[in-house]
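*Asks:* The following block contains the structure, expressed as structure tokens.
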Amino acid sequence: MNTQEPAPARRGLSTPEGLLTAPQVMARLQLGRSAVHDLLRTRRLTSIRLGRARRTRVHSLTDFIRTRLDQEAAA
């Protein structure tokens, strides 16, 4: 009988909500495919590559939104 507990998961990456697909980012920002891909291509929104897929961390999206709000408030 194995009584070991599972190893603790890495914060933010263990849940399906930890990494977002481009369509999920599109839905959250209410932007089209081209606009989101442009943000990813120009690295204004950071992402990681997993094979051929791109994923954006929820925290990266939150930071991007916070930065844009700060820029708008300063203008």
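Values quoted throughout were computed directly from the atomic coordinates according to the rules given, and no laboratory measurement underlies them. Since we're looking at a predicted model, the values are computed, not measured. Methodologically, a virtual Cβ is constructed for each residue, glycine included, from the backbone with ideal geometry; neighbour enumeration extends over all protein chains shown.
*Asks:* Would you pick out the residues in the stretch 25-62 that are surrounded by 12 or more Cβ atoms within 10 Å (Cβ to Cβ) and of a type in the set (Ser, Thr, Tyr)?
*Replies:* 46, 47, 56, 60, listed by residue number.
*Asks:* Mind checking which pairs have a first residue in the stretch 19-34 that is within 15 Å of residue 62 (Cα to Cα) and a second that is among the charged types (D, E, K, R), Cβ under 6 Å, 6 or more apart or different chains?
*Replies:* Every condition considered, the pairs that remain are 19/55.
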